[in-house]
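Down below is the structure, laid out as structure tokens.
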Amino acid sequence: MICNKTKMLEEERRVKANDRDYNEKFNYANNGIKTSKYNVITFLPINLFEQFQRVANAYFLFLLILQLIPEISSLSWFTTIVPLVLVLTITAVKDATDDYFRHKTDNQVNNRQSQVLLGDRLQNEKWMNVRAGDIIRLENNQFVVADMLLLSSSEPHGLCYVETAELDGETNLKVRQALPVTADLGEAISRLAEFDGEVLCEPPNNKLDKFNGTLLWKDCKYSLNNSKMLLRGCVLRNTEWCFGMVIFAGPDTKLMQNSGKTKFKRTSIDRLMNTLVLWIFGFLVCMGIILAVGNSIWEHHVGSRFRVYLHWDELVDSAVFSGFLTFWSYIIILNTVVPISLYVSVEVIRLGHSYFINWDRKMFYSKKGTPAEARTTTLNEELGQIEYIFSDKTGTLTQNIMTFNKCSIDGKLYGEVRDELGRKVEINEKTAPVDFSFNPLADSKFHFYDHSLIEAIKLEETHVQEFFRLLSLCHTVMSEEKNAEELVYQVQSPDEGALVTAARNFGFIFKSRTPETITVQEMGKIVIYQLLAILDFNNVRKRMSVIVRNPEGQIKLYCKGADTILYERLHVSSEELMYMTSEHLNEFAGEGLRTLALAYKDLTEDYFRRWLKIHHEASIALDNREERLAAAYEQIESDMTLLGATAIEDKLQEGVTETITSLLMANIKLWILTGDKQETAMNIGYSCHMLTDDMNDIFIVSGRTVTEVREELRRAKEATFGQSRNLFNGHQFSEKNGEAKLESVYEETITGEYAIVINGHSLAHALEADMEKEFLEIACMCKTVICCRVTPLQKAQVVELVKKYKKAVTLAIGDGANDISMIKSAHIGVGISGQEGMQAVLASDYSFAQFRYLQRLLLVHGRWSYFRMCKFLCYFFYKNFAFTLVHFWFGFFCGFSAQTVYDQWFITLFNIVYTSLPVLAMGLFDQDVNEQNCMDYTKLYEPGQLNLLFNKRRFFICVLHGIYTSFALFFIPFGAFFNTAGEDGKHISDYQSFAVTVATSLVIVVSVQIGLDTSYWTAINHFFIWGSLAVYFSILFAMHGDGIFDIFPSHFPFVGNARNSLSQKSVWLVIFLTTVICVMPVLTYRFLKVDLRPTLSDKVRYLQQAKKKRKPLANHMRRVHRTSSRRSGYAFAHQEGYGELITSGKNMRLNDPQSSSGLARTMLSSTSWIENLRKKTAENFNSFSSDKISKL
């Protein structure tokens, strides 16, 4: 508790290196993490507390206490305690199992080994034993242990590279740099052990992109920012080793601060059941009061006449007190309106539905042998009520793999496969790829199917060779040649990796680089180009250029970038080629490919030197340096010659587009929440057809201040709603049903389709209390919502916002650690076992390997689970009201004495034996339509979203149905037996005969009713229904037989009664009449309803039955191609500053520095490349104009 208080009050963190004693004064957390909920000591109290939050469990505990009082109990206490303990035990075992796996995962992470500097040597320590202030050694490809200040590394100038996929979903490398004063420490253990610097910094927080602190060392202060920090969850890449000082450990790390807490999730049906149980208890109390008052009146007026031989108990001294005791007796007798077997059955059904998901072969990913897994058994029916899906992008919608798909060179399209007649052929697994065996350094994972391109290369066509030469030179890729035939590229942008790999396979192999040269192997020949300048990428330029001198002395500028930008800078001679290339680009964009235009320019020596002078003057200018540099770039990047264009596919997972289409047709709204850049996210939106050129507008919200964001939202609102918006202002956040109606009014006022794209820094303002409703209103009226550059915590905040105001059931799906908080916040969390580890899976409620399985999980399993659970509950409440209320009617004819109609054994066995299995079979196997129709007719999903199949109205209908049935069950036999003699002339209106008749009628009526309710008959349904009837009669005759009476005479007093009663024809006639009167109204209503007002489900089921004997037609979804004016901007994950980093040489080891002209060094000598990198890394690149997206 002391630690927690300290953390809550922490305003500034002070950490001293290599001084655990000093740091322990502040009670900082150690590096152990805890995602589990319980331990051995706290499990029982916490779990029981959670279980008794379910009102029904508390209700049954209260009844159990009442049954232990002999003066009021007319039923044995074991009838309640056994099922209650069973339910609590089953739930506890399930919760304990779930938490055991969380403990197991925590232990795996906490027991990882790390190298910690203790004393004067490195020692292996478990992660959980690492403390703030410790100095840690990391090696290449290792996870970062905690949030650390980078001290030194194996790379020049204290640089190191990290992959942050666990934090923000991006797989491109990020650069970090140590302070120069600590970089000099190197890996000298003695010097590191003597390091005693003290860090003063901000307290623990969840901001991934910000860090403010100061290092105090040797009487000097050094400023610290995010570029000096290595965060837990990152992976060290392309760096042999590095040392860091732990600042935040364990729960204080930014990763854990963003992970959120494990929440106790309950379904909407569970919450409704809590309300209904309270209502039922109120109804029970009302019935108890009525019967208690009746008992007092009866005892006062009638009972006194019998008191001579029916004495009161010793405790009873008045009619009023008799009524008081009777009240509690009836509370016990009538408690079966909510039997505890209901909750046992619910858990069994949920468990069965979970196994159906686990066993579904159509959700099994054979390539990795990964089945779908229901990691919880309590949320299945909520899968049938989803209204909002929040999805990560990288690794969830996409495979996170970039591939060179097509290209256009000198007006000719490459990448398509055609047959002998010139017709286009679809590429499939049988299509023969291009043979790259002539190239020993070709990447075996690269596949290309158009053989004409490799033929053009071999024929040494000039434009084709120049095209791939450009790709091999114009980039910021670093290479690592592990051996003669193994070349590894380290890329900071996956787009660049795909382009350089394509050039590599087609014979133009980027081999290595120095600050002043680029070495390329061109068709087997080594060529060294002198690197004169890199004109780096940024979000405004949307292009990158390199200026090189080839071995022949020619100077060339090679440029690649967005076609809309390059087209403005082409020479007039390229006009005709530009139109031809544009047609190809339209085709590429229509297929959702990321496009890029390529151009070059020949430069003379004089022209280049004059330009270099201009560039140098701009680079040393004190005023308007950025603008002057941009003008210099504009000057040389003009009058270029177009070479062609590339088309890269950011591979979507299989079936993503079709899945999203189906989900949208099912009225499920899909929001993309991603840590990626805006352009990347929007491109995937186009690929998935969530964004289209047919949309009226795409609103870009990218303001950095509250005022800017508010203004952008206001403009979006005006464009969306127009003036009619004011008619409905202030009413959008009402109750769910009213809200649904109002939303339909809104949708009628919207004349087109809109989308909204919002950046993380803008979202931070939009989620503030005074703006969140306005943002949500706009977002909900848009067809597509994309939030990019968002932090893990912001993902959770967006989910919470929708939950708070829309009262809708939400689902979050992701595959990385950065999705955990979102997964925990949503009603349903789904983890994809993908490229980024298993963290999301471990925090999820359901998991599978591919996004496309979400369609089946919701539309089939979710819909069926909801449908079955609702049917089960409706029937269960009906049959128990019919069963229990017979006692109420009987109370008016037995002096309100709390005498039961049925014998005690029938009451005990009714829900456990006689009627349990048929309703379980219906809850497990019933289906109104088959799985294919569930997928084809997506509108069938809407009843779950609108909560139509089980709600308060349906509950009241079931209760009224049960009351009517109980009334018929009691009064028809009562009227028939009144003053009636049997066939043998004997009186048959005795209590025992009446009880057997009513009980038999009840069992037959509820069996017929479940037969009417069952939509899908299986052998199991038949067996359970007929078997339950057979079991009832078998037990009935056994308990009323002579044998058991001889053994237990006091427990089975109805000896011979069943045989006597059921041998009478009149009794069977009464049973038949009762059954008909109970069932006919239901049968009539359902017949007329299906005939006059059929639901969509009824219509589909009719079609299904009509086609039962015919082979169903396959549903092929036609892929929609769009003609788009949109272009993919260059290098979507590209980061400005890498060109400067390369030409400075600070990220390279030069074993044999060569003299050079020094042109590149002169160009950049006056510019601090690392300051530019730090400054510009934090920027969000907005490559689309916020005014007119579709007109780029």
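The values are calculated or read from the model by the stated rules, or taken from the named source; none is laboratory data. Remember, predicted model here, so these are calculated numbers, not experimental data. Here the Cβ is made from the backbone with ideal geometry for all residues, glycine too, and neighbour counts use every protein chain on show. Accessible surface is based on the protein model in full, side chains and every heavy atom, while ligands, DNA and RNA are left aside. Shrake-Rupley method; radii C 1.70, N 1.55, O 1.52, S 1.80 Å.
For GLN142, the amide hydrogen comes within under 5 Å of the amide hydrogens of LEU236, counting only partners 5 or more places away or on other chains and with H modelled in the peptide plane. Over 26 Å apart at the Cα level, from the set LYS34/LYS265; LYS174/LYS210; LYS174/LYS601; LYS651/LYS717; LYS367/LYS651, are LYS174/LYS601; LYS651/LYS717. Pairs with C-alpha atoms separated by more than 30 Å, drawn from the list LYS677/LYS773; LYS424/LYS458; LYS677/LYS939; LYS824/LYS1099; LYS412/LYS613, are LYS677/LYS939; LYS824/LYS1099; LYS412/LYS613. Karplus-based coupling profile of the range 705-716, in residue order and whole Hz: 10, 4, 4, 4, 5, 4, 5, 5, 5, 5, 5, 4, with θ = phi - 60° in 6.51 cos²θ - 1.76 cosθ + 1.60 and x standing for Gly or Pro. Here the calculated FRET efficiency for ASN107 and GLU12, from their Cβ-Cβ distance with R0 = 51 Å, stands at 0.95, rounded to the nearest 0.05.
With coordinates expressed along the principal axes, the C-alpha atoms belonging to the range 9-75 extend over 73, 25, 19 Å, beginning with the largest.
Could you rank MET1080, MET935, MET781 by how accessible they are, 1.4 Å probe, largest area first? Please report the intermediate quantities before stating the final value.
Values: MET1080 90, MET935 45, MET781 20 Å².
Heavy-atom accessible area, descending, gives MET1080, MET935, MET781.
Computed on the Cα atoms alone, the convex hull of the range 78-136 gives a volume of 87 cubic angstrom per residue.
If each residue of separation counts as 0.36 nm, what is the full-extension length gain between LEU278 and VAL706 once their alpha-carbon separation is subtracted? Kindly include the intermediate steps, with their values, before the conclusion.
Values: separation 428, 0.36 × 428 = 154.08 nm, distance 4.60 nm.
In short, 149.5 nm is gained.
A quarter of the convex hull surface defined by the alpha-carbon atoms of the range 531-588 gives 5.2 nm² as the mean projection.
Rg ratio for the range 98-212: its Cα radius of gyration over 2.2 N^0.38 Å, N being its residue count, equals 1.17. Any idea what log10 I(q)/I(0) is at q = 0.09, 0.16, 0.17, 0.19 Å⁻¹ for the range 758-901, Debye with uniform C-alpha scatterers and no solvent? For the range 758-901, the Cα-only Debye profile gives -0.47, -0.93, -1.01, -1.17.
When the surface is traced with a 1.4 Å probe over the full set of protein chains, SER574 keeps roughly 10 Å² accessible. Straight-line cross-link partners of LYS25 among the aspartates and glutamates, defined as a Cα under 17 Å from its Cα and at least 8 positions apart when in the same chain: GLU10, GLU11, GLU12, ASP134, ASP196, GLU198, ASP252.
For the full complex of protein chains and a 1.4 angstrom probe, list SER322, SER1015 by accessible area with the highest value first. Before the final figure, lay out each step's value.
Numbers: SER322 10, SER1015 45 Å².
In descending accessible area the options line up as SER1015, SER322.
Residue-wise HN-Hα couplings along the range 401-411, as the Karplus relation 6.51 cos²θ - 1.76 cosθ + 1.60 with θ = phi - 60° gives them from phi, are 10, 9, 10, 6, 9, 8, 7, 10, 10, 6, x Hz; Gly and Pro carry x.
Hey, what D do you get for the range 357-425 in µm²/s if you plug the Kirkwood alpha-carbon radius into Stokes-Einstein at 20 °C and 1.002 mPa s? Each step should come with its number before you reach the end.
Details: Rh = 17.2 Å.
The diffusion coefficient I find is 124 µm²/s.
With all protein chains in place and a 1.4 Å probe, the accessible surface of the range 334-389 carries 56 percent carbon and sulfur.
Please report, in cubic angstrom per residue, the volume enclosed by the convex hull of the alpha-carbon atoms of the range 149-227.
Details: hull volume 8.2 nm³, N = 79.
Looking at the range 149-227, the number lands at 104 Å³ per residue.
Annotation: average projected area of the range 845-905 is 6.7 square nanometres, based on the convex hull of Cα atoms across all directions.
Taking 18 Å as the cut-off for C-alpha to C-alpha distance, list the pairs among LYS16/LYS221; LYS362/LYS871; LYS406/LYS445 that go past it. Don't skip to the answer; put the middle values down first.
Values: LYS16/LYS221 14 Å; LYS362/LYS871 26 Å; LYS406/LYS445 16 Å.
Pairs exceeding the cut-off: LYS362/LYS871.
Could you give the Stokes-Einstein D for the range 774-826 in µm² per second, using the C-alpha Kirkwood radius, 25 °C, 0.890 mPa s? Don't skip to the answer; put the middle values down first.
On the way: Rh = 11.6 Å.
In µm²/s, the coefficient is 212.
What part of the accessible area of the range 550-622, given as a whole %, is carbon or sulfur when the probe is 1.4 angstrom? Before the final figure, lay out the partial values.
Numbers: 1690 of 3270 Å².
With neighbouring chains kept in place, the figure for the range 550-622 is 52 percent.
Working from label points 7 Å from Cα in the Cα-to-Cβ sense, the ASP936 to GLU627 distance is 6.5 nm.
What is the extension gain from GLU426 to GLU461, computed as 0.36 nm multiplied by their sequence separation minus the C-alpha to C-alpha distance, in nm to one decimal?
Details: separation 35, 0.36 × 35 = 12.60 nm, distance 2.72 nm.
Stretched out fully, the GLU426 to GLU461 stretch lengthens by 9.9 nm.
Note that the range 561-640 presents 49 Å² accessible area per residue, ligands and nucleic acids not counted, probe 1.4 Å.
Distance between the C-alpha centres of the range 35-108 and the range 356-374: 32 Å, rounded to the whole angstrom. Peptides 921-929, 1016-1024 ranked from most to least packed, by the mean per-residue count of other Cβ atoms within 10 Å: 921-929, 1016-1024.
For the range 550-708, what is one quarter of the convex hull surface built on the Cα atoms, given in nm²? Mind showing how you got there, number by number?
Working: hull surface 59.3 nm².
Approximately 14.8 nm², given one-decimal rounding.
How far, in nm, would the chain grow between VAL82 and ILE290 when pulled straight, counting 0.36 nm per residue and subtracting the alpha carbon separation? Please list the in-between numbers first.
Working: separation 208, 0.36 × 208 = 74.88 nm, distance 3.02 nm.
Length gained, VAL82 through ILE290: 71.9 nm.
Take every Cα pair under 8 Å whose residues are at least 6 apart in sequence, average their separation, divide by the length of the range 772-847, and the relative contact order is 24 percent.
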